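Asker: Just passing along the structure, written as structure tokens.
The values are calculated or read from the model by the stated rules, or taken from the named source; none is laboratory data. This structure is a prediction, so every number in the text was calculated from the model and none was measured. Note: ideal-geometry Cβ built from the backbone for every residue, glycine included; neighbour counts use all protein chains shown. Note: areas computed on protein heavy atoms with side chains; ligands, DNA, RNA excluded. Shrake-Rupley method; radii C 1.70, N 1.55, O 1.52, S 1.80 Å.
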Amino acid sequence: MPQGVWAVTEIRDGEFRRISYEVVSEARRLADALGQELTVAVLGSGLEELAPLMGQYGADRVVVADDPRLEPYTTEAHVAVLTQLIQQADPAIVLLGASMQGKDLSARLAASLGVGLAPDCTSLAIEEGNLTAVRPIYAAKAYIKVSFAADQWPQMASTRPNQMAIADPDSGRQAEIVQASFDLDDGQIKTKLVEVLKDESDRPDLTEAEIIVSGGRGMQDPENFAVIEKLADLIDATVGASRAAVDAGWRPESDQVGQTGKVVSPNLYVACGISGAIQHLAGMGTSKIIVAINTDAEAPIFKAANYGILGDLFEVVPPLCEEVKKYRE
Amino acid sequence: MNSVVFVKYVPDTETWIKVARDGKSMDPEGVKWVMNPYDEFGVEEALRLKEQFGGEVLVVSFGPPKIKEIVLQGMAMGADRGLMIIDDAAQQSDPWAVARALVAGIRDFDFDLIFCGQRGVDQDQGLLGPAVAQLLDIPQLLMVQKVEVAEDQKSLRVHRPVEGRVLVLESSLPAVVTTTKGLNEPRYATLQNILKAKKKPLDTASLSDLDLDAAEFGEEARKIKVEEMSLPPERPPITMVQGETPQEAAAELARLLHEEARAI
Amino acid sequence: MPTYEDIPRPIEWITDEDLQVAKAIRKWVDEEVWPNRHKIDDDWEHHEIVKPIMKTLLVDIGYQRGVWPEDVGGLGVDSCVSFVVGAEEIARGDSGMCTAANCVGWPFLHICLPHHRNETLIKKFGPLFCDTDEMFIGCPAITDVSSGSDVENVDATHGKYITTTAKLDGDWWEINGHKIWCTNSGGFADLFGVYATTKPGEEDDEAVAVIYVPADTPGVTQGKPYKKAGMNADLNGDIWFEKVRVPAENRAQGPGLDAEYAREMISWGNVITGGYALGSMNRVYEILLDWCEHRVVAGKQLKNHSIIAGTLGEIMTMIEAVKSDTYCKARMLDRPDLYGPGHSKGMLAKTRTTKLFSTDALTDICNWAVDLMGSYGYALEYDIEKVWRDSKIMSLWMGGRSLCRLDTTRYYFNSTEI
């Protein structure tokens, strides 16, 4: 009978990415519900300092695959190694984060293991010893609760970034560190990272951002985005845009939040001069807290928001900047 | 340079979703169905490569009889041939089953690249491309925004945006590429090409035509089962933040966000 | 939630190709026309915004090649149903553009429809539309300055009030006259289909002549576009013909036949007008769908207020009825083997009813929609006022409401004296 929960981590620039803490914390909760152990998998190169960290977040065991061929990430190498490790360990559940890399890895890994995957889940639970998951569909216009076909192990899921709470680390807690052994043939690796290009913006990518401030048609002019950029700077937010602003050529396509733009799930979403058409709501509807600033009392965004100000964003946002500064000090 | 493009029949993104009586699926009444918007970028990219290198573009879809509309759409944009895999037994198949059918459908086509949309805007999973790549044991390059095939047509370079950076990846061919917004601008189907499409080969295949076992398809065979479908939970009613002046309202909002919502 | 495509249409009469064309046009409307609708509306005079958008439809998508037979590089579209399907989609974006786009080809039905092709003229003019990367604009030059709709009043006036004259001088026609209100004039036109008379002042069907005149022929002057209440994407202006000479072969068919096929052209125009009206109705439905969903009054969405719901029900009933009627008549024109020739008096009457009904319905629907939206209905921002403004002209052209009713009664009641 398969036993235990596995969590797969992601490393960038020598550190665990935030999503890894989310995944490990959630995996710990699932392991507790099952009364089983949590193993955290760490793949990369030069991991001695890093691996033990996950003990503080609840890992009972950290399995380390330390090999120069695992850094940078390639689908083939990580899937090949994890397939072996998982088949050997025979866990009940494998959890990954649905970051860009995670989506790439989890989909191929599930196919490699011949099992199903519930991707991009917003919540997970154990019911009668089995994993169940809730995930958004139709760009979060609906949700489905899914379960796994009988006798399919492991049960795999990936978590939507910024959804799972990160546990408070216990600095006294230590995990057993295991150096993984695996077979990896260079010939298996058919993809190569040639170059990394920097993305112009210094701010976190919309899909990763914890806070987003967006402007829509109410901005009236591309220059006016400076008003919300100022707010964004003060609260470490990424600036987004509605389709109206992108279609008008005020902001690049990469800034578009919406069903056919980016689907985001920040902790805080501030919508300035955005009416809240259904396609926009589909792109940010799972945000934890939504604030709407609009002059139109009938704007649909007010139905979707937690807090609203009926007013001119050009009169509200500058004083809001001043107020927010006080809380940042 | 021969390309396959997988296209999926999905509800239009403007659709208001209602739960069907079975409590697990979307109510199909009044829904407008279209080609998955992400797949259009795949059709366009395949056509561009054909213009650059020559070769053929095959558009393939798996679904109910109405998929003819989107396969013809791909052919009207300029694809050379179409294949529809239609079988009653295959309804409600999961992506891994669909992948098996699609791979079987293209077994006689000598392809260099397989394009499909990065995800279907209905299920939002992004599982098909990797499943196909795994079955064919070929590389997968997901959510790319630029595709460059080498002159000797033996390798491929793509730009893959990940959070905050863009990865330039090189891989061997054949490969699976999943496509997303920003890759290209899908062309119009010209009236001329729409008429030309009438004369291009359009085939239909059932599961048994492809030597596939119907028992591996359909709802019963799904690896992931849908237990129930629901509409999003209601947000608590909005707190309209008042103030005599915009400054007052702004101050109150900041306070609420800090103290109540703990968002800043 | 249904879309306008859910409004019943006889899908067994609509081909796969028609559906692909509809899709292509819809993409053009959604990506190029609708986002620019306010700028288009402002662009009545110079068409700087309109021209590139029209070019995508006419050249890139290829709409200007529609009526021309395949042997000259055209698309050989000879089905009225296909034209209605296309018109519905274009007019959903902008009925002015729809009028302009369809008038590019409409004058040439006289020579392109399979049962009366004029091979010489097809070879002469077809390549101008089909073998080019530029727009080539056709223009129906029908209304005379002093005659108004009497030109189209074929069965009452038999050409008597056509004041544009065509005199045969050896191998040439000499054309003199002054046309007004022509769609695609105002400097835009490349090739006119001119309604003229060879026997000025006489009531004689044989005298009605349809003659094709290239716009760059010496003696042709196009005036400036009129500023109108709507349909700003359609350029209408004067055309003066002063001793204009074109080859004798430029006459569409010949004495008697030109009048017959004028009736046919009007029949087609009646039904395709129904298509424009349907396109506008599709847009009204979308505007109201959005409006009544999002606007909340006294705690209830507008769609759930019974007085509004009543009006919405009436609107949908009208739209459904217009769709059924328009497609039925289009189908009749496509099947002369079943329904008789398109140039018969009966067909004219039966398509006049479609024009009257569809345009009256559109007028009512726009009126109700503006009512329902209140002051917002009067504001540019909310889009309905443009459809309302654009719609009225559909009732007025091609003889107006009056001629529709007269032609209908002439047939059904054999009224010979009206």
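Asker: Scan chain B and hand back the longest stretch that contains none of the chymotrypsin sites (Phe, Trp or Tyr not before Pro) lying in DSSP loops with at most 16 other Cβ atoms within 10 Å.
Answerer: With a cap of 16 other Cβ atoms within 10 Å, the longest stretch comes to B:110-264.
Asker: For an R0 of 30 angstrom, estimate the FRET efficiency from the Cβ-Cβ distance between C:Y339 and C:W172 and round to the nearest 0.05. Intermediate results must be reported in sequence, preceding the final value.
Answerer: Numbers: r = 39 Å, r/R0 = 1.31.
E(calc), rounded to 0.05, equals 0.15.
Asker: Now, a different point. Could you derive backbone 3J(HN,Hα) for region A:160-166 from the dihedral phi with the Karplus parameters 6.51, -1.76 and 1.60 (θ = phi - 60°), listing whole Hz in sequence and x where the residue is Gly or Pro?
Answerer: Listing the rounded values in order: 5, x, 6, 9, 8, 6, 8 Hz.
Asker: Roughly how compact is region A:202-321, stated as its Cα Rg over 2.2 N^0.38 Å to two decimals?
Answerer: 0.90
Asker: Exposed loop sites here are GluC sites (Glu not before Pro) in DSSP loop states with at most 15 other C-beta atoms within 10 Å. What is the longest stretch of chain C lacking them?
Answerer: Longest stretch, sites excluded: C:204-416.
Asker: All other residues with a Cβ under 12 Å from the Cβ of C:D190 taken together, and with Lys, Arg as +1 and Asp, Glu as -1, what is their net charge?
Answerer: Computed value for this residue: -2.
Asker: Let a ≥ b ≥ c be the square roots of the eigenvalues of the Cα gyration tensor of chain A; is it rounded (a/c under 1.5), or, if not, prolate (a/b larger than b/c) or oblate? Could you put the intermediate results ahead of the total?
Answerer: Values: a/c = 2.08, a/b = 1.87, b/c = 1.11.
Judged from the Cα gyration tensor, chain A comes out prolate (a/c at least 1.5, a/b above b/c).
Asker: Hey, what do the phi angles of region C:258-272 turn into as Karplus ³J(HN,Hα) couplings, whole Hz, using 6.51/-1.76/1.60 and θ = phi - 60°, x for Gly and Pro?
Answerer: Taking θ as phi minus 60°, the curve returns 4, 5, 4, 6, 4, 4, 5, 4, 5, 4, 4, x, 4, 6, 5 Hz for region C:258-272.
Asker: Determine the residues within region C:62-91 where the difference in accessible area between the chain on its own and the full set of protein chains amounts to at least 20 Å²; count protein heavy atoms only and use a 1.4 Å probe.
Answerer: C:R65, C:E70, C:L75
Asker: Taking the alpha-carbon centroid of each part, what is the distance from region C:396-410 to region B:1-75 in angstrom?
Answerer: First find each Cα centre; the distance between them is then 46 Å.
Asker: Where the accessible area of the protein assembly as shown is counted over protein heavy atoms with a 1.4 Å probe, how much of it, in %, is carbon and sulfur?
Answerer: Working: 19050 of 39490 Å².
Carbon plus sulfur share of accessible area: 48 percent.
Asker: Something else: By DSSP, what percent of the beta bridges with both residues in region B:3-221 are antiparallel, rounded to the nearest 5? Write down the numbers at each step before the final one.
Answerer: On the way: 16 of 41 bridges.
That works out to approximately 40 percent antiparallel.
Asker: Continuing with the same structure: Could you work out [θ]222 nm for chain C from helices alone, using -39500 (n - 2.57) per DSSP H run of at least four and dividing by all its residues? Round to the nearest 500 deg cm²/dmol.
Answerer: -15000 deg cm²/dmol, from helical runs alone.
Asker: Would you rank C:D43, A:D221 by solvent-accessible area, highest first, keeping every protein chain in place and using a 1.4 Å probe?
Answerer: Most to least solvent-accessible, the answer reads A:D221, C:D43.
Asker: Report the FRET efficiency, 1/(1 + (r/R0)^6), for C:D131 and C:E202, where r is their Cβ-Cβ distance and R0 is 60 Å, rounded to 0.05.
Answerer: For R0 = 60 Å, the calculated efficiency reads 0.90.
Asker: Taking the Cα atoms only, what angle lies between the long axis of helix A:18-34 and the longest principal axis of chain A, rounded to 10 degrees?
Answerer: Orientation of helix A:18-34: about 60 degrees from the principal axis.
Asker: Let me ask something additional. Tally the DSSP beta bridges in the protein assembly as shown and give the antiparallel ones as a percent, rounded to 5. Could you put the intermediate results ahead of the total?
Answerer: On the way: 71 of 148 bridges.
Around 50 percent of the beta bridges assigned by DSSP in the protein assembly as shown are antiparallel ones.
Asker: Can you give me the Cα centroid spacing of region A:1-68 and region A:261-329 in angstrom?
Answerer: A separation of 36 Å, based on Cα centres.
Asker: Dividing the convex hull volume of the alpha carbon atoms of region C:285-418 by its residue count, what do you get in Å³ per residue? Write down the numbers at each step before the final one.
Answerer: On the way: hull volume 16.5 nm³, N = 134.
For region C:285-418, the hull spanned by Cα atoms encloses 123 Å³ per residue.
Asker: Taking every DSSP beta bridge with both residues inside chain A, roughly what % is antiparallel (nearest 5)? Please list the in-between numbers first.
Answerer: On the way: 13 of 58 bridges.
Of all bridge pairs located within chain A, approximately 20 percent are antiparallel.
Asker: Now for a separate question. Over all residues in B:27-34, what is the mean tally of Cβ atoms on other chains that come within 10 Å of each residue's Cβ? Can you show the working numbers first?
Answerer: Numbers: counts 0, 0, 3, 5, 4, 6, 1, 2.
The shielding value for this peptide is 3.
Asker: Reachable lysines from C:K355, Cα under 19 Å, same-chain residues fewer than 8 places away excluded?
Answerer: Those lysines meeting the cut-off are C:K323, C:K329, C:K345, C:K392.
Asker: Let me ask something else about it. In degrees between 0 and 90, to the nearest 10, how far off the longest principal axis of chain C does helix C:345-373 point, with axes built from Cα atoms?
Answerer: Long axis of C:345-373 versus the principal axis of chain C: about 30 degrees.
Asker: Please give, to one decimal in nm, the separation of the simple spin-label points placed at B:R165 and B:Q242, each 7 Å out from Cα toward the Cβ.
Answerer: Rounded to a tenth, the inter-label distance reads 5.2 nm.
Asker: Another question about this same structure. Restricting to Cα pairs below 8 Å that are 6+ residues apart, what does the relative contact order work out to for chain A? Please round to a whole percent.
Answerer: Relative contact order here is 14 percent.
Asker: Give me, ordered by chain and number, the residues 5 or more places off A:V94 or on other chains with an amide H under 5 Å from its own placed amide H.
Answerer: Placed amide hydrogens put A:W6, A:Q155, A:M156, A:A157 under 5 Å from A:V94.
Asker: Next up: Could you tell me which of rounded, prolate or oblate describes region C:1-113, using a ≥ b ≥ c as the square roots of the eigenvalues of the alpha-carbon gyration tensor, with rounded for a/c under 1.5 and, failing that, prolate when a/b is larger than b/c and oblate otherwise?
Answerer: Verdict is oblate for region C:1-113.
Asker: Which FRET efficiency value, to the nearest 0.05, do you get for B:D22 and A:D199 by plugging their Cβ-Cβ distance into 1/(1 + (r/R0)^6) with R0 = 60 Å?
Answerer: 0.85
Asker: Using a cut-off of 29 Å between alpha-carbon atoms, which lysines can reach A:K190, once sequence neighbours fewer than 8 places away in the same chain are excluded?
Answerer: Partners found: A:K103, A:K198, B:K8, B:K50, B:K146, B:K154, B:K181, B:K223.
Asker: Compute the relative contact order of region C:138-256 as a whole-number percentage, counting only Cα pairs closer than 8 Å that sit 6 or more residues apart in sequence. Show your work: numbers first, answer last.
Answerer: On the way: 306 pairs, mean separation 36.5, N = 119.
Here the relative contact order equals 31 percent.
Asker: Still on this structure, please answer the following. From other protein chains only, count the Cβ atoms within 10 Å of every residue's Cβ in B:228-237, then give the mean.
Answerer: Mean shielding count: 4.
Asker: Given a 1.4 Å probe, how much area per residue of region A:5-188 is accessible, in Å²?
Answerer: On a per-residue basis, 35 Å².
Asker: Tell me which residues come under 5 Å, amide H to amide H, from B:A205 once H is placed; ignore anything under 5 positions away on its chain.
Answerer: Amide H neighbours of B:A205: B:M84, B:I85, B:I86.
Asker: Students often forget the sequence filter, so: which lysines lie under 30 Å Cα-Cα from C:K124 once same-chain residues fewer than 8 apart are removed?
Answerer: B:K196, B:K198, B:K199, C:K51, C:K55, C:K167, C:K179, C:K199, C:K224, C:K243
Asker: For region A:306-320, in order, what is each residue's ³J(HN,Hα) by Karplus, 6.51 cos²θ - 1.76 cosθ + 1.60 with θ = phi - 60°, in whole Hz (x at glycine and Pro)?
Answerer: 8, 10, x, 10, 7, x, 7, 4, 6, 9, 9, 5, x, x, 4
Asker: Next question, about the same structure. Could you tell me which GluC sites (Glu not before Pro) in region B:56-150 are loop residues by DSSP with no more than 16 other beta carbons within 10 angstrom of their beta carbon?
Answerer: B:E56
Asker: Round to the nearest 10 and give me the degree value, 0 to 90, for the angle of helix C:306-334's Cα axis relative to the longest principal axis of chain C.
Answerer: Orientation of helix C:306-334: about 30 degrees from the principal axis.
Asker: I've got another one for you. So if I take the centroid of the Cα atoms in region C:98-173 and the same for region C:23-90, what is the distance between those two points in Å?
Answerer: When both Cα centres are located, 20 Å separates them.
Asker: What quantity of accessible surface, computed with a 1.4 Å probe and excluding non-protein components, is buried in total between chains B and A, in Å² to the nearest 100?
Answerer: It comes to approximately 7000 Å² buried between B and A.
Asker: If you don't mind, another one. Restricting to Cα pairs below 8 Å that are 6+ residues apart, what does the relative contact order work out to for chain C? Please round to a whole percent.
Answerer: 17
Asker: Residues of region B:32-54 with the amide nitrogen closer than 20 Å to a label point 7 Å from the Cα of B:E151, along Cα-to-Cβ, please.
Answerer: Taking a point 7 Å out along Cα→Cβ of B:E151, the residues of region B:32-54 whose backbone N falls under 20 Å are B:49-54.
Asker: Another question, if that's okay. Taking a ≥ b ≥ c as the square roots of the eigenvalues of the Cα gyration tensor of region C:138-256, is the shape rounded (a/c under 1.5), prolate (a/b larger than b/c) or oblate?
Answerer: Oblate, because a/c is 1.5 or more while a/b does not exceed b/c.
Asker: Over chain B, with the other protein chains present, what is the accessible area per residue in square angstrom, probe 1.4 angstrom?
Answerer: Ligands and nucleic acids excluded, the figure is 43 Å² per residue.
Asker: Roughly how many Å² is the accessible area per residue of region A:223-290, as a whole number, for a 1.4 Å probe?
Answerer: 32
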